[in-house]
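Q: I have a structure here, written as structure tokens, and I will follow up with some questions on it.
The values are calculated or read from the model by the stated rules, or taken from the named source; none is laboratory data. These numbers were taken from a predicted model, which means no experiment stands behind them. Glycine also receives a Cβ, built like all others from the backbone with ideal geometry; neighbour counts cover every protein chain displayed. For the accessible areas, the whole protein counts, side chains as well, though only heavy atoms, and no ligand, DNA or RNA atoms are used. Shrake-Rupley method; radii C 1.70, N 1.55, O 1.52, S 1.80 Å.
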Amino acid sequence: MDTAQLVAKATDIRRDILTMITEAGSGHPGGSLSCTDILTALYFGGVMDYDAAEPKKVGRDRFILAKGHAAPALYATLAHAGYFPVDELNTLRKLGTRLQGHPDSNLLPGVEVSTGSLGQGLSVASGLAAGLRLSGEDGVVFTVLGDGECEEGQVWEAAMFAAHQKLGRLVAIVDNNELQIDGCIHDVCDPGDLGEKFAAFGWDVVRVDGHDVDALVKLLGGLKAAAQPEGAPVAVIAKTVKGKGVSFMENQAGWHGKAPKPEELERALAELSAAAE
């Protein structure tokens, strides 16, 4: 896809995120909207090697959504990528659905690992990267963490392990929107400069506008092309806006885990349509 097509795809995914959360009456719109462009770049920008018709294909790249509460973004992305019908998105969080409140790898193709307990995703991604190297299998492991999630100690245990093991085919993308459920990350438990922290643990660090899909595709595609079985893992600090694309949700911690009302959905969809014109 070219840049215009990627932007249009991200807009479609944002529409689906808001619609499914409204239909469910619960969910996490703010952090789902903030990471939408990152997932769009990975899945539709030619970065990741995957096959929706063969989800367990040997040599595929892996994606782990460490911030599992942003499942609506992952679900919409996987549906648009062909893993399951887009119509199924409206079953989010309903009884018997495959689309649980947090991703369940036992239910849904394309979900590599069940996630939701914050802080564990980077450990899982590190283990996958180590396992791929041991088995000799190709593939780069990408994971998206929340910046609030980086307050969890297990994140830094995994960071230390990954650097020590020289997991050069591991790319951790931090969704740096600076808000979590309780407010600003710097007020709740200030992590300081996350790039400097990862660098101190032995990671290579790059920074990017997390809503510039063209920049994301170039950066992430370049990182994949340069990835080696042994080397420094890479942390991408992606500056984002919580609730991106919807004016009344942007930079509002209150929209971390609250479903829009029908009239709010209508307003949000109108804004997304107007921006896409």
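Q: All but one of (1) out of contact with any Leu (no Cβ under 8 Å at 6 or more places or on another chain); (2) in a helix (DSSP H, G or I); (3) free of Cβ contacts under 8 Å to residues at least 12 places away in the same chain hold for residue 88; state the number of the condition that does not hold.
A: Only one criterion is unmet by residue 88, namely (1).
Q: Quick one: residue 133 ticks every box in (1) open to solvent by 50 Å² or more (accessible area, probe 1.4 Å); (2) touching a Ser or Thr at 6+ places or on another chain (Cβ under 8 Å) except a single one, so which number is it?
A: Only one criterion in (1) open to solvent by 50 Å² or more (accessible area, probe 1.4 Å); (2) touching a Ser or Thr at 6+ places or on another chain (Cβ under 8 Å) is unmet by residue 133, namely (2).
Q: Out of the residues in region 144-181 that are acidic (Asp, Glu) and touching a residue at least 60 places away in the same chain (Cβ under 8 Å), state the one that is surrounded by the most Cβ atoms within 10 Å (Cβ to Cβ).
A: Going through the qualifying residues, I end up with 175.
Q: Further question on the same structure: Quick check on this structure: which one of 6, 78, 39, 95 is free of Cβ contacts under 8 Å to residues at least 24 places away in the same chain and of a type in the set (A, V, I, L, M)?
A: 95
Q: Filter region 107-136 down to residues that are within 17 Å of residue 61 (Cα to Cα), within 14 Å of the chain's Cα centre (by Cα) and not in a helix (DSSP H, G or I), then give me how many there are.
A: Result for region 107-136: 5.
Q: For region 249-267, check the following and say yes or no: at least one residue is surrounded by fewer than 20 Cβ atoms within 10 Å (Cβ to Cβ), in contact with a strand residue (DSSP E or B) (Cβ under 9 Å, 6 or more places away or on another chain) and outside any loop (DSSP other than H, G, I, E, B).
A: No, because not a single residue in region 249-267 is surrounded by fewer than 20 Cβ atoms within 10 Å (Cβ to Cβ), in contact with a strand residue (DSSP E or B) (Cβ under 9 Å, 6 or more places away or on another chain) and outside any loop (DSSP other than H, G, I, E, B).
Q: Would you point out the residue of region 182-214, among those that are without any contact (Cβ under 8 Å) to a residue 24 or more places away in the chain and part of a loop (DSSP other than H, G, I, E, B), that is nearest to residue 149 (Cα to Cα)?
A: 190
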